[in-house]
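First up is the structure itself, then whatever we jot down about it.
The values are calculated or read from the model by the stated rules, or taken from the named source; none is laboratory data. From a predicted model like this one, the values you see are computed outputs, not experimental measurements. As a convention, Cβ positions derive from the backbone with ideal geometry for all residues, glycine included, and neighbour counts pool all protein chains shown.
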Amino acid sequence: MDDPSTEADVMDRAQVLLRANLEVARGVDLEQVLHHLVDAARDLVGAECAALMVAQEGQPARVIRSPRDEPPAADGATARWPLLSVPIVLGGHVLGQLDLFGHPEQAAFTEQDGRMAATLAATAAVAIDNAALFEQVRRRHAWQEAMIGVTTRALSGVHTPALLRELVYHTWRASGADGAGLSLLSRRGRHVRLVVAMGVLAPFEQLSAPLEESFAHRAILLGRAFQTDPREHPVITAHVGGAEVGCVLVAPVLGARRAFGALTVARRKSTEPFEPIDQEMVGAFAAQAGLALEYDGAPVGRPQPARHGASGVSRWD
């Protein structure tokens, strides 16, 4: 006859697993899903600590931990803990890995622990994929709303300098960046100046630098948006010493027959890099800026200076 206490334990754990599956599956926010997963997995098998590593295309792996008290020490002590590792796989593609450390009541995790963790990981794989898709749709919607707003203002005849400032603002907000700026070339094309700057880039508004020592130069040569870490370019960062910037996304602002400058968004140090959708949409906003400058009636060559109030954009000679 089966042990009633064992049967009761199995039923209890099945209930925990069902609730954990529900919590993970109902999430649409990726960060929330990941935290639900790591907490649920830890509680499900009675682990002392759970760690989740999620690999994202083009970005560093994200690691989330859920200790009961303190996480295992980083001095090799984890090697002495019982360890249960479960891959998170969807459609043959590995999304990440769930690691469970330490069991207070036994020397090692059981087969049942492994099966339950694997069941939760299967649900998590679908939930992570769905949450990532939801986040992408949300981001696209934010970019679309921003683009509609800027385009509507352009068609209503808003003065170009004011429109460009609005465009920089909407780019900043829609990208989730910590700052944004618009750089324009000088009349002779030898220098570039940050004529609009917001957020972490605001202290550098009106800063000028030789074109060849700027990210705008690289963006114009590439003819497309690119992402980089300013700390890898000491010649360029020398012009913005002390900036709390860890990642920049730069897109060229081009007209039909000439380059005007570049649109830049920036994130602080230690934050995640931009996603492909951000690169795509910053490029679209830069194209919008190019249209605005082209439409402004500048002669072939350089954009002509504009007279404006304090809220406008100072384009320069």
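Considering only helices (runs of 4 or more DSSP H) fully contained in the range 192-309, which possess at least 1 residues that are more than 27 Å from V158 (Cβ to Cβ) and at pLDDT 90 or above? Working first, answer last.
Details: elements: 215-222, 234-237, 276-295.
Result: 215-222.
Within the range 156-171, does at least one residue satisfy the condition of being among the acidic types (D, E) and in the same structural domain as R267 (by TED's automatic domain parsing)? Step through it out loud before you land on a result.
Let us first name the residues in the range 156-171 that are among the acidic types (D, E), namely 166.
Cutting the leftovers down to in the same structural domain as R267 (by TED's automatic domain parsing) gives us 166.
Yes, because at least one residue in the range 156-171 is among the acidic types (D, E) and in the same structural domain as R267 (by TED's automatic domain parsing).
Right, V158: surrounded by 19 or more Cβ atoms within 10 Å (Cβ to Cβ) and β-branched (V, I, T) or not? Let's see the steps before the verdict.
Values: surrounded by 19 or more Cβ atoms within 10 Å (Cβ to Cβ): no; β-branched (V, I, T): yes.
For V158, the condition - surrounded by 19 or more Cβ atoms within 10 Å (Cβ to Cβ) and β-branched (V, I, T) - is not met.
Restricting attention to the range 132-148, which residues are surrounded by fewer than 20 Cβ atoms within 10 Å (Cβ to Cβ) and either more than 26 Å from L30 (Cβ to Cβ) or under 17 Å from the mean Cα position of the chain (by Cα) (or both)? Don't jump to the end; show me each part of the working.
Start the filter on the range 132-148 by keeping residues that are surrounded by fewer than 20 Cβ atoms within 10 Å (Cβ to Cβ), which leaves 132-142, 144-145, 147-148.
The answer is A132, L133, F134, E135, Q136, V137, R138, R139, R140, H141, A142.
Since A177 meets every condition but one in (1) among the hydrophobic types (A, V, I, L, M, F, W, C); (2) touching a residue at least 60 places away in the same chain (Cβ under 8 Å); (3) over 21 Å from H36 (Cβ atoms); (4) in a helix (DSSP H, G or I), which condition does it not meet?
(4)
Search the range 146-159 for residues that are modelled with pLDDT of 75 or more and pair each with any residue that is β-branched (V, I, T) and in a helix (DSSP H, G or I) when their beta-carbon atoms are under 7 Å apart and the residues are at least 6 apart or on different chains.
Once the first residue is modelled with pLDDT of 75 or more and sits in the range 146-159, no partner that is β-branched (V, I, T) and in a helix (DSSP H, G or I) comes close enough.
Among the numbered conditions (1) under 13 Å from A266 (Cα atoms); (2) in a loop (DSSP other than H, G, I, E, B), tell me where V168 comes up short.
(2)
I'd like to know if the range 194-201 contains one or more residues that are assigned by TED's automatic domain parsing to the domain that holds L249 and over 27 Å from the mean Cα position of the chain (by Cα). It would help to see each step written out before you state the result.
Applying the first criterion (assigned by TED's automatic domain parsing to the domain that holds L249) to the range 194-201 yields 194-201.
Filter once more, so that each one left must be over 27 Å from the mean Cα position of the chain (by Cα): none.
The answer is no; no qualifying residue exists.
Could you grab me the full set of residues in the range 171-189 that are at pLDDT below 90 and surrounded by fewer than 24 Cβ atoms within 10 Å (Cβ to Cβ)?
Scanning the range 171-189 gives R173, G176, R187, R188, G189.
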